[in-house]
1. What are the residue pairs meeting all of these: first residue in the stretch 14-27, first residue assigned to a helix (DSSP H, G or I), second residue among the acidic types (D, E), Cβ atoms under 6 Å, and 6 or more apart or on different chains?
2. Checking C99 against (1) in contact (Cβ under 8 Å) with a residue 60 or more places away in the chain; (2) farther than 20 Å from G136 by Cβ; (3) part of a helix (DSSP H, G or I); (4) not basic (K, R): exactly one of these is not met. Which one?
3. State which residue pairs qualify: first residue in contact (Cβ under 8 Å) with a residue 60 or more places away in the chain and inside the stretch 34-47, second residue among the small types (G, A, S) and surrounded by 14 or more Cβ atoms within 10 Å (Cβ to Cβ) in any location, beta carbons under 6 Å apart, and separation of 6 or more residues or different chains.
4. State the number of residues belonging to the stretch 107-121 that are open to solvent by 20 Å² or more (accessible area, probe 1.4 Å) and within 17 Å of L13 (Cβ to Cβ).
5. So which residues in the stretch 14-34 are open to solvent by 60 Å² or more (accessible area, probe 1.4 Å) and either of a type in the set (A, V, I, L, M) or over 15 Å from T142 (Cβ atoms) (or both), if there are any at all?
6. Give the residue that is surrounded by the most Cβ atoms within 10 Å (Cβ to Cβ), with candidates limited to residues of the stretch 122-167 that are modelled with pLDDT of 95 or more and of a type in the set (V, I, T).
7. Any idea which of (1) at pLDDT below 95; (2) surrounded by 15 or more Cβ atoms within 10 Å (Cβ to Cβ); (3) in a loop (DSSP other than H, G, I, E, B) is the one M58 doesn't satisfy?
8. For the stretch 2-13, enumerate the residues that are in a helix (DSSP H, G or I) and either open to solvent by 30 Å² or more (accessible area, probe 1.4 Å) or aromatic (F, W, Y) (or both).
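The values are calculated or read from the model by the stated rules, or taken from the named source; none is laboratory data. Since this is a predicted model, take the numbers as computed values, not measurements. So basically every Cβ, Gly included, is an ideal-geometry build from the backbone, and we count neighbours across all protein chains shown. These accessible areas exclude ligands, DNA and RNA; they are computed on the full protein's heavy atoms, side chains included. Shrake-Rupley method; radii C 1.70, N 1.55, O 1.52, S 1.80 Å.
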Amino acid sequence: MSSILIIAKQFALHTKLFNNVLEGVEESQGARRMTEQVNHLQWIAGHLTNARYNYAPMLGLSETFPYKELYMDPTAPPPGNRAVDASIKYPSLSEILKCWNSYSPAFVDAVSKLSDAQEAAELPFGTPIGDKSMLGFFGFLTSHESYHIGQMSIIRKYLGLGAMSYK
């Protein structure tokens, strides 16, 4: 099996886990923070959704996350993420889930269809793993998603909900 197909399967799993980690979370809990140093679910979920949408052009897709400006700062150095801000009204978890679920099938499909030449293409930027190829970039992105879904799982427990399901 090609490396990109394994990565696409990881994204498909994350698509499901993202839904599972938010299962049963009430809208009123979305902006609750464990401490001022920890992001809330609305920010993390929006950040992950924005990240997937951000790479649409690399995959030949044209979708744009409608809340991008809440999560991105065009004046910040790459990757240009905006920190959580208590003065911002973030979209509801149900709205973020709607965006995630409407875009994710196309995203996963496009990743799975990257050609060998596209996988090997060198990007103008690197990743924390030191790989400038598109394959390395999307490999790193799966790690990014795992990290944040794990954070969301801890917040879920903090909110008094059961562990996230893998089913």
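1. H14/E145
2. Single failed check for C99: (1).
3. H40/A31; L41/G30
4. 3
5. So in the stretch 14-34, the residues open to solvent by 60 Å² or more (accessible area, probe 1.4 Å) come out as 16, 23, 26-28, 32, 34.
E23, E26, E27, S28, R32, M34, listed by residue number.
6. Looking at the filtered set, the residue picked out is I155.
7. Evaluating M58 over (1) at pLDDT below 95; (2) surrounded by 15 or more Cβ atoms within 10 Å (Cβ to Cβ); (3) in a loop (DSSP other than H, G, I, E, B) leaves (3) as the failure.
8. Going residue by residue through the stretch 2-13, those that are in a helix (DSSP H, G or I) are 3-13.
Within the stretch 2-13, S3, L5, I6, K9, Q10, F11, A12, L13 qualify.
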